[in-house]
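Everything below concerns the one structure shown next.
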Amino acid sequence: MQEKVPGREEAYRLLTEYNKSDSLIKHALAVEAVMRHFAALFGEDPEKWGVIGLVHDLDYEMYPGEHCLKTEEILKDRGWPPDYIRAVLSHGWKLCTDVKPKEKMEIVLYTIDELTGLVAATALMRPSKSIFEMQAKSVMKKWKQKSFAAGVNREIIAEGAEMLGLELPVIIEETIKGMQGVAEAIGLAGNP
């Protein structure tokens, strides 16, 4: 099959074909938005980074025991480029794959995947349920409470931040900004 450059429409169609869970779709939209935001910051291709963010957990709902590996199979069958597939595989480094993130795009995905969950959980704890007035310091306070959003792997986020060479509060602030762009779609626009 000939390799093609997938667009957002195809990526979203795939996402919703393999995922019916509202929370997983919202997570994918959040990761897509943050990936686009970081791509713009680094002068990279926001479309490519966003598409990868959108499909990074493609297999998670239907094939949790084969996470990342099933996505690799699905994307290969559809002729997706190897660098897109490698990026998806690399976000599971040390968890379900041995593909270490190397490219900036891969490292950002590795870092912010878990972080979007912590940011979302922090926003939902606010009386307003809004991400708009939230700052990195609010997330940093929750970061220190290991029982808060206990499923979020803080070690991966910290390791990713180190690999990026950026301070954690900076990454959190930029993640918040990225998520603000899709606040309505991910349920973090706040109470009416």
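Any chance you could count how many residues in the range 61-82 are closer than 19 Å to residue 12 by Cβ and not in a loop (DSSP other than H, G, I, E, B)?
Adding up the residues that qualify gives 5.
Give the residue that is surrounded by the fewest Cβ atoms within 10 Å (Cβ to Cβ), with candidates limited to residues of the range 85-133 that are among the hydroxyl-bearing types (Ser, Thr, Tyr) and modelled with pLDDT of 95 or more. Before you say what the answer is, go through the steps one by one.
Step one: list which residues in the range 85-133 are among the hydroxyl-bearing types (Ser, Thr, Tyr), which gives 90, 97, 110-111, 116, 122, 128, 130.
After this cut, where a residue has to be modelled with pLDDT of 95 or more as well, the list is 90, 110-111, 116, 122, 130.
Details: 90: 23, 110: 26, 111: 26, 116: 26, 122: 23, 130: 16.
Ranking the qualifying residues of the range 85-133, first place goes to 130.
Is it the case that the range 63-77 has a residue that's closer than 25 Å to residue 161 by Cα and in contact (Cβ under 8 Å) with a residue 40 or more places away in the chain?
no
Do you know which residues across the range 1-48 are in contact (Cβ under 8 Å) with a residue 40 or more places away in the chain, farther than 15 Å from residue 109 by Cβ and in a loop (DSSP other than H, G, I, E, B)?
1, 2, 3, 4, 5, 6, 7, 19, 20, 21
Taking the stated definitions as given, is residue 59 within 17 Å of the chain's Cα centre (by Cα), farther than 18 Å from residue 115 by Cβ and not small (Gly, Ala, Ser)?
Against the criterion (within 17 Å of the chain's Cα centre (by Cα), farther than 18 Å from residue 115 by Cβ and not small (Gly, Ala, Ser)), residue 59 qualifies.
Hey, among the residues in the range 86-121 that are part of a helix (DSSP H, G or I) and free of Cβ contacts under 8 Å to residues at least 24 places away in the same chain, which one's nearest to residue 58 (Cα to Cα)? Break it down into steps so the answer makes sense when it comes.
Kept after step one, since they are part of a helix (DSSP H, G or I), are these residues of the range 86-121: 86-90, 104-121.
Next, only the ones that are free of Cβ contacts under 8 Å to residues at least 24 places away in the same chain stay: 86, 89-90, 106.
Details: 86: 14, 89: 11, 90: 14, 106: 16 Å.
Out of the qualifying residues, it is 89.
Name the residues in the range 70-104 that are farther than 25 Å from residue 45 by Cβ and within 17 Å of the chain's Cα centre (by Cα), would you?
Result: 94, 95, 96.
Test residue 58 against the criterion of being buried (at least 21 other Cβ atoms within 10 Å of the Cβ), part of a loop (DSSP other than H, G, I, E, B) and out of contact with any His (no Cβ under 7 Å at 6 or more places or on another chain), and give yes or no. Lay out the reasoning, then the answer.
On the way: buried (at least 21 other Cβ atoms within 10 Å of the Cβ): yes; part of a loop (DSSP other than H, G, I, E, B): yes; out of contact with any His (no Cβ under 7 Å at 6 or more places or on another chain): yes.
Judged against the criteria, residue 58 is a match.
For residue 51, indicate whether it is over 16 Å from residue 110 (Cβ atoms) and in a helix (DSSP H, G or I).
Yes.
The values are calculated or read from the model by the stated rules, or taken from the named source; none is laboratory data. Note that this is a predicted model, so its numbers are computed, not measured. Cβ atoms come from the backbone with ideal geometry, glycine included; neighbour counts cover every protein chain shown.
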